[in-house]
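Working notes, beginning with the structure itself.
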């Protein structure tokens with residue numbers, strides 16, 4: 001079954017003032033457009049200039065994944081046991097999950113974790129990630145502490161890595177709602193990378209190789 005998009009849900013406003021700045025010349029697009037698979041894509045809007053990728057061997061198009069700006073909330077935690085030094089531990093690095101950089105204040109009482117509070121949100125995490133902490137950072141020994149990420153910031157900070165078995169397919173022509181992911185995809189024309197929604201520095205060389213008919217040129 002192909003990817004579908006709801007095009008008749010309630011109207012929402014998209015700021016499109018930069019669309020014509022980033023898409024300088026639209027000389028050719030994928031005929032008929034494509035409905036994007038937005039599974040796991042958290043931003044509410046996909047802005048013009050966003051890199052579009054395609055799953056190899058399949059007619060499945062997606063927005064290039066992005067790194068979330070950080071963890072917003074955690075769910076109920078598994079307390080674990082055997083943590084030998086009760087106390088409050090601040091800015092403890094959290095381990096696991098898809099992201100990095102998150103820290104928390106962790107309280108250990110009666111040799112188990114009694115509470116965990118995010119102090120640094122980190123980046124790149126996904127809802128459902130299971131996090132923990134090294135025992136040495138919360139009481140020398142012990143095991144079993146885990147907590148799940150229940151929400152992440154809907155704003156995005158940067159492009160993530162190109163997923164395995166995917167290729168660069170084009171550039172989004174006009175800003176669209178993630179909830180209505182029907183996309184016009186540029187394959188020949190001129191794009192101003194300096195006006196793109198995220199920095200393309202780390203991927204620009206690969207994108208240029210994959211899309212030789214697009215001229216990436218800053219005005």
Requested in this report: Return the total of residues in the range 103-128 being crowded, with 19+ Cβ neighbours inside 10 Å and within 16 Å of residue 160 (Cβ to Cβ).
Outcome: 4
Query raised in the report: Does residue 215 satisfy the condition of being over 26 Å from residue 123 (Cβ atoms), more than 17 Å from the chain's Cα centre (by Cα), touching a residue at least 24 places away in the same chain (Cβ under 8 Å) and not in a strand (DSSP E or B)?
Result: no
Report task. Considering only the range 129-141, state which residues are within 15 Å of residue 79 (Cβ to Cβ), surrounded by 14 or more Cβ atoms within 10 Å (Cβ to Cβ) and either in the same structural domain as residue 42 (by TED's automatic domain parsing) or in contact with a strand residue (DSSP E or B) (Cβ under 6 Å, 6 or more places away or on another chain) (or both). Result -> 131, 132, 133, 138, 139
Requested in this report: Might you let me know whether the range 104-126 holds any residue that is within 12 Å of residue 73 (Cα to Cα) and in contact (Cβ under 8 Å) with a residue 60 or more places away in the chain?
Outcome: yes
Query raised in the report: Listed residues 151, 141, 167, 161; which is assigned to a strand (DSSP E or B) and modelled with pLDDT under 95?
Result: 151
**Report entry** Residue selected from the range 176-193 under the condition in a loop (DSSP other than H, G, I, E, B) and at pLDDT 95 or above, by the criterion surrounded by the most Cβ atoms within 10 Å (Cβ to Cβ)
**Finding:** 181
Report summary line: Taking the range 96-106 and keeping residues under 10 Å from residue 131 (Cβ atoms) and either more than 21 Å from the chain's Cα centre (by Cα) or in a strand (DSSP E or B) (or both) leaves 104
Query raised in the report: What single numbered condition from (1) in contact with a strand residue (DSSP E or B) (Cβ under 7 Å, 6 or more places away or on another chain); (2) farther than 25 Å from residue 24 by Cβ fails to hold for residue 159?
Result: (2)
Requested in this report: Return yes or no: is residue 88 outside the structural domain of residue 196 (by TED's automatic domain parsing) and either at pLDDT below 90 or out of contact with any helix residue (DSSP H, G or I) (no Cβ under 8 Å at 6 or more places or on another chain) (or both)?
Outcome: yes
Report summary line: Exactly one of 44, 98 is assigned by TED's automatic domain parsing to the domain that holds residue 131 and over 16 Å from residue 185 (Cβ atoms), and that one is 98
Query raised in the report: Would you call residue 55 touching a strand residue (DSSP E or B) at 6+ places or on another chain (Cβ under 9 Å), surrounded by fewer than 21 Cβ atoms within 10 Å (Cβ to Cβ) and in contact (Cβ under 8 Å) with a residue 24 or more places away in the chain?
Result: yes
Query raised in the report: Residues of the range 127-138 being farther than 13 Å from residue 80 by Cα and either assigned to a loop (DSSP other than H, G, I, E, B) or free of Cβ contacts under 8 Å to residues at least 40 places away in the same chain (or both), which ones?
Result: 127, 128, 129, 130, 136
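The values are calculated or read from the model by the stated rules, or taken from the named source; none is laboratory data. Everything numeric in this text was worked out from a predicted model, so none of it was measured. Cβ atoms come from the backbone with ideal geometry, glycine included; neighbour counts cover every protein chain shown.
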